[in-house]
Amino acid sequence: MIENSLIRQIIDGATHRYAELVQLHQSEVYALIVRIVGNEAEAEELTQDVFLKAYTNLRQFKAKSSFSTWLYRIAYNEALSHTRHHREKLLELDERRVAQVSDKELDEWESSEREEEIERLIGAIESLPSQDRALVTMVYYNDFSLKKCAEIIGQSEINVKVKLHRIRKRLYLLVKS
């Protein structure tokens, strides 16, 4: 409610108050973007672009979702667009290998806390395609609900859940290889 009131004031001419919205969300937006693009300098620039784009389109915010969800969707799309334009090297795993990983095997691995595997896991996450990294970031780093992730990426909750399951299997294979 407070954010919606602040947004209304900004739209009505109190543009100086936009800095308050930026302060509220800047670190989370930056964290999401840096995870997707993998470069701090580029993430800083993209974060500025996201807030400029959000400001320019603030009248289009209809409060059907929270402001943060709307803003994260802009950040997600900007970061993915950036990585596409920079032709990131995509990691491709044989889908048959991914499908062969059993849920039991995956559960046992995920409950493991060996330090060397954790380091390899972090490296594996960084090597994922940007869309997968973004989803991992939103769910496991930012603790977003599946519903919020679905709203941000424009897919159903079921699709998000299936994607996460496949990503977890890919990570398992990457760490184990």
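Nothing in this text is a laboratory measurement; each read-out follows from the coordinates by a stated rule. Because the structure is predicted, anything quoted here is derived from the model rather than measured. Don't worry about glycine lacking a Cβ; one is built from the backbone with ideal geometry, like all the others, and counts go over all protein chains shown.
In order along region 163-176, the Karplus-derived 3J(HN,Hα) couplings, from 6.51 cos²θ - 1.76 cosθ + 1.60 at θ = phi - 60°, round to 4, 4, 4, 5, 4, 4, 5, 4, 4, 4, 5, 5, 6, 6 Hz, and Gly and Pro are given as x. Each label point was placed 7 Å from the Cα along the Cα-to-Cβ direction; for Ser177 and Tyr141 their separation is 2.3 nm.
Each residue of region 141-151 was assigned a 3J(HN,Hα) from its phi angle through the Karplus expression (A = 6.51, B = -1.76, C = 1.60, θ = phi - 60°), giving 9, 8, 6, 6, 6, 4, 4, 5, 4, 4, 5 Hz with x at Gly and Pro. Would you mind getting me the FRET efficiency between Thr15 and Gln48? Use the beta-carbon distance for r and R0 = 22 Å, nearest 0.05. In this case the efficiency is close to 0.85. With a cut-off of 17 Å on the backbone N, the residues of region 128-172 near the modelled label site 7 Å out from Arg120 along Cα-Cβ are 128, 168-172. For region 120-165 versus region 1-45, the inter-centroid distance based on Cα atoms is 21 Å. On the basis of the beta-carbon distance and an R0 of 22 Å, Asn57 and Ser5 show a calculated FRET efficiency of 0.70. Extension gain for Lys161 to Leu106 (0.36 nm times residue separation, less C-alpha to C-alpha distance): 18.3 nm.
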